[in-house]
Every structure is written in structure tokens, then in C-alpha cells.
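One structure is given here, and the rest of the page talks about it.
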Amino acid sequence: MKLVGRRQFSAALVGSLALPQLALAKDTALPVPASLPAAAFIAAAKKEPMVLLISLPGCPFCELVRRNYLLPAQRDGSLHAWQLNISDRTTPLTGFDGKVTTAAAQVAAWKAGFTPTVLFLGPAGQELAERLVGLASVDFYGAYLDERLAEARRAAVASSR
């Protein structure tokens with residue numbers, strides 16, 4: 001009987017430790033676009049690139065990029081970021097060609113199968129800066145992101161003229 005009690009206690013303890021993490025994960029989600037052209041239009045109207053995180057549920061590196069870089073910048077208004085779930089094969093998504101697809105199919109078409117990947121897209125879906133793939137170094141990730149974002153912003157302003 002004591003063994004069952006210990007197992008139940010252990011399960012409850014593990015569950016109580018996991019629940020705050022699950023709640024945190026919901027709080028750190030970026031918006032998911034229903035239409036890529038519409039999301040890109042919102043960014044282009046402000047002469048900004050569309051910043052799109054290719055993510056995988058449960059990916060700790062994706063969560064780190066969202067929580068430490070993209071969400072703070074989105075909250076302070078310095079960028080507009082969205083995310084696509086690489087494994088979502090059911091939710092309809094309007095692609096830049098106007099056809100309905102899914103996130104998984106669109107990610108495959110972009111050959112962006114590694115998570116996290118951050119894309120910097122223009123209003124027609126063109127990449128405005130080199131994509132940021134993976135998270136090689138937390139120490140330098142912010143600098144890499146800033147560099148690509150600056151390049152994408154220059155391209156977005158140039159294409160809006």
C-alpha cells in the first residue's frame with residue numbers, strides 16, 4: 001500500500017511541476033495566421049517584414065526564441081511576428097498563391113523543416129533576409145536576429161518605394 005501511495009505522490013508532484021510549464025507555453029504562443037498574404041499586408045503597411053517562426057509543439061528551442069526574443073519585441077511594438085506549427089496538417093492556411101493549404105504543407109514547400117526557423121518575408125512571400133535556422137548560440141542569437149531583421153527592414157522599405 002505504501003508503494004502505491006508513493007507512486008501517486010510522485011505522479012501528483014510531477015503533474016504539479018508540469019502544469020505551470022503548460023500554462024506558460026500557452027502564454028508564449030505567437031498568433032497563427034489564417035492567411036499569409038493578410039499577415040504580410042499588415043506588416044508591409046508599416047514598412048516592416050513579416051516575421052514568421054516555424055515552430056514545433058514541445059520544442060524547447062522554439063519556446064526560447066518565442067519567449068526571449070519574438071514576444072518581447074512584439075509586445076513593445078518593434079515587430080509583428082507570427083508562427084506556424086510544422087506538424088499542423090489540418091488547419092486551413094491561405095498561401096501567398098491564394099490557394100488553401102496547411103502549415104505543414106507550406107513549411108515543406110519552403111523547405112523549412114528544422115525548428116526553430118525564423119523567416120523574414122515580404123508582401124508577396126519573398127524572403128527579405130536570410131532565414132535564421134536553429135539556435136546555435138543563445139549568447140549571440142539576439143545579435144543574429146537583429147542583423148537579419150535590419151536587413152529585412154531595409155529590403156521592405158526599398159520594395160515599398
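The values are calculated or read from the model by the stated rules, or taken from the named source; none is laboratory data. Note that the structure is a prediction, hence the values are computed from the model and not measured. Please note: Cβ atoms are built from the backbone with ideal geometry, for glycine as well, and neighbour counts cover all protein chains shown.
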- Return the residue satisfying two criteria in turn: it lies in the stretch 52-74 and is in a strand (DSSP E or B) and under 13 Å from THR28 (Cα atoms), and of such residues it is nearest to the chain's Cα centre (by Cα). LEU53
- With respect to GLY77, is the statement that it is more than 22 Å from GLN126 (Cα to Cα), outside any helix (DSSP H, G or I) and either out of contact with any Gly (no Cβ under 9 Å at 6 or more places or on another chain) or modelled with pLDDT under 95 (or both) true? yes
- Note on the structure: Picking from ALA156, ALA143, ALA136, ALA124, the residue that is outside any strand (DSSP E or B), modelled with pLDDT under 95, touching a Gly at 6+ places or on another chain (Cβ under 8 Å) and of a type in the set (Gly, Ala, Ser) would be ALA156
- Query: Which condition number in (1) in a helix (DSSP H, G or I); (2) surrounded by fewer than 17 Cβ atoms within 10 Å (Cβ to Cβ); (3) modelled with pLDDT under 95 is the one that ALA109 fails?
  - Reply: (3)
- Evaluate the stretch 13-33: report whether one residue or more is modelled with pLDDT of 85 or more and exposed (fewer than 10 other Cβ atoms within 10 Å of the Cβ). no
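Condition check ((1) assigned by TED's automatic domain parsing to the domain that holds PRO37; (2) surrounded by fewer than 17 Cβ atoms within 10 Å (Cβ to Cβ); (3) closer than 12 Å to LEU36 by Cα) across all residues:
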| site | (1), (2), (3) |
| --- | --- |
| GLU63 | yes, no, no |
| LEU79 | yes, no, no |
| LYS99 | yes, yes, yes |
| ALA150 | yes, yes, no |
- Message: Going by what's in this entry, would PRO92 be described as out of contact with any Leu (no Cβ under 9 Å at 6 or more places or on another chain) and modelled with pLDDT of 95 or more?
- Response: yes
